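As structure tokens, the structure follows; a few thoughts come after it.
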Amino acid sequence: MDLLSEITYWHWWVLGVVLIIFEVLSPMVFMLWMGISAGVVGLLVLLFPEIPWEMQIILFGVFSVASIAIWRAYLKRNPTKTDQPRLNRRGEQYVGRVFTLEEPIVNGQGKIRVDDSTWKITGDDCPEGTRVEVTGVAGVILEVESND
């Protein structure tokens, strides 16, 4: 336990830098907030060197959880703007497009050929050759309505 009683501000700053380096090497924004929290704890230890190591670890945990929670809440209220909001939502890219059925829709279910893939569809029963418009997506199933 002698090692833990010797924790100083620069230990926290080194931990903060290491966590930020991990953040740079990873594809998520998670370690950044923990790195900043370690830096804040290091600053507190610099200003108040009598803070016991137990309290330092508790402060690090509290600051880390709080900063991550605040960031997630901020992102929920202010989503990232993009010029292609449906980029990784493949099914949503087809909403509004019109296709001709190669197979009939029977009992509310069928299949449709979209570009180079086949998708399951739901909608009113329609014969082969009917033009349908994609109106929505439910998971991996396209919802269609007759366009004739």
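None of the figures in this text is laboratory data; all of them are computed from the coordinates on show. On a predicted model such as this, the values are computed, not experimentally measured, just so you know. Quick reminder, even Gly has a Cβ in these numbers, built from the backbone with ideal geometry, and neighbours come from all protein chains shown.
Per-residue ellipticity at 222 nm for the chain, helices alone: DSSP H runs ≥ 4 residues times -39500 (n - 2.57), over residue total, nearest 500 deg cm²/dmol? Don't skip to the end; give the middle numbers.
Values: 4 runs with 63 residues, N = 148.
Mean residue ellipticity, 222 nm, calculated: -14000 deg cm²/dmol.
Please work out which option in (1) 80, 31, 25; (2) 79, 27, 24; (3) 37, 37, 27 gives Cα extents along the principal axes in Å calculated from these coordinates, and answer with its label.
(2)
With θ taken as phi - 60° and the coefficients 6.51, -1.76 and 1.60, list the Karplus ³J(HN,Hα) couplings across the range 64-78 in order, rounded to whole Hz; mark glycine and proline as x.
Karplus-based 3J(HN,Hα) across the range 64-78 equals 5, 5, 5, 5, 5, 5, 5, 4, 5, 5, 4, 5, 5, 7, 10 Hz.
Can you list the lysines whose alpha carbon is less than 17 Å from that of K111, not counting same-chain residues fewer than 8 positions off?
K120
Just to confirm the filter: which trypsin sites (Lys or Arg not before Pro) across the range 16-109 are DSSP coil and have at most 16 other Cβ within 10 angstrom of their Cβ?
K81, R86, R89, R97
Would you mind giving the three semi-axes, in whole Å and largest first, of the ellipsoid equivalent to the range 90-146 according to its Cα gyration tensor?
The three semi-axes for the range 90-146 are 15, 11, 10 Å.
Please give the net charge around Q56, taking every other residue with its beta carbon less than 13 angstrom from that of Q56, where Lys and Arg add +1 and Asp and Glu add -1.
-3
With the alpha-carbon atoms as the only input, what is the per residue convex hull volume for the range 1-87 in Å³?
Numbers: hull volume 9.5 nm³, N = 87.
Roughly 109 Å³ of hull volume per residue.
Could you give me the ³J(HN,Hα) list for the range 114-123, computed from phi with Karplus coefficients 6.51, -1.76, 1.60 and θ = phi - 60°, whole Hz, x at Gly and Pro?
Karplus values, whole Hz, x for Gly and Pro: 10, 6, 10, 9, 10, 10, 6, 10, 10, x.
May I ask you to evaluate 6.51 cos²θ - 1.76 cosθ + 1.60, the Karplus curve with θ = phi - 60°, for each residue of the range 101-109 and list the ³J(HN,Hα) values in order in whole Hz, giving x for glycine and proline?
Coupling constants for the range 101-109: 5, 8, 10, x, 8, 10, 6, x, 10 Hz.
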